[in-house]
Structure formats: structure tokens, C-alpha cells
Amino acid sequence: LQQTVSVREDNKELLLEFDDPNDCFVLRSKENRQILTEYVLDFFQQDLNVRIISPENSNGTGVQNLDEPKRRRQQLANHQVVRMAEEIFNGRVGDIRISEPNK
């Protein structure tokens with residue numbers, strides 16, 4: 001939740017907005033959504049539907065720009081699972097290599 005850009009309540013919904021889809025990866029699992037909903041109920045003392053707002057993973061143009069590999073490496077380095085692994089193993093991510101998928 002620390003990665004949210006904005007949090008607001010609107011018509012019985014709690015809207016959590018993220019800039020990067022990877023920042024809300026863990027929250028999208030069914031188990032974690034249920035836990036989050038319980039916390040929201042305890043905190044706000046009312047039943048609010050939690051809605052996660054995040055941009056799409058791609059720019060939608062189908063054209064890869066020159067900054068795409070750098071942006072993709074940054075996205076992978078900031079991925080929630082990678083952050084959790086760094087915390088668990090008390091380590092850091094080194095070089096990230098991106099390769100073409102096998103055809």
C-alpha cells in the first residue's frame with residue numbers, strides 16, 4: 001500500500017491507484033484482497049469495496065520505443081516478488097538481462 005499514488009473513498013468504494021502495475025501485484029491475489037478487505041472494514045467501520053486502479057503493462061501502440069528495455073528492467077527490479085525475495089534473503093538484485101522469447 002506504500003506504493004499507492006492516491007487513495008480515496010467514492011460511493012462505498014475504496015479506490016487505490018498505482019502508477020506501476022507491479023506495485024499492486026501482491027494485492028491482486030484473492031487471499032490478499034480478502035485480508036485487505038477485512039482491514040478496511042476494521043479501519044473504516046463500514047463495508048467498502050476495494051478497487052485497484054493501475055495502468056496497463058504495455059503502451060498499446062505495439063511499437064517498442066528505445067527506452068523500453070531500460071523501463072522493463074526497472075519494472076522487473078521494482079516487482080513486488082523481487083522486493084520480497086530481497087527482503088527474505090537480505091540481498092540485492094544485480095544485473096537484469098532481458099532476452100527475446102523463444103519462437
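In this structure, is Ile35 aliphatic (A, V, I, L, M), at pLDDT 80 or above and loosely packed, with under 10 Cβ neighbours inside 10 Å? When the stated conditions are applied, Ile35 does not pass them.
Among residues of segment 51-77 that are under 22 Å from Ser6 (Cα atoms), those with a Cβ under 6 angstrom from a residue that is modelled with pLDDT of 60 or more and part of a loop (DSSP other than H, G, I, E, B), sequence gap 6+ or separate chain, pair up as Ser54/Phe18.
For segment 38-60, a residue qualifies if it is within 25 Å of Leu76 (Cβ to Cβ), surrounded by fewer than 16 Cβ atoms within 10 Å (Cβ to Cβ) and under 17 Å from the mean Cα position of the chain (by Cα), and the qualifying residues are Ile53, Pro55, Glu56, Asn57, Ser58, Asn59.
Being modelled with pLDDT under 80 and surrounded by fewer than 10 Cβ atoms within 10 Å (Cβ to Cβ) is the filter; apply it to segment 85-103 and report the residue that is farthest from Gln74 (Cα to Cα). Taking the candidates together, the pick is Lys103. Only a single item in (1) surrounded by 12 or more Cβ atoms within 10 Å (Cβ to Cβ); (2) at pLDDT below 75; (3) closer than 23 Å to Lys30 by Cβ is not met by Pro69, and it is number (3).
The values are calculated or read from the model by the stated rules, or taken from the named source; none is laboratory data. Bear in mind the structure is a predicted one, so any value in this text is a computation, not a measurement. For neighbour counting, all protein chains shown are included, and Cβ atoms are generated from backbone atoms with ideal geometry for every residue, glycine included.
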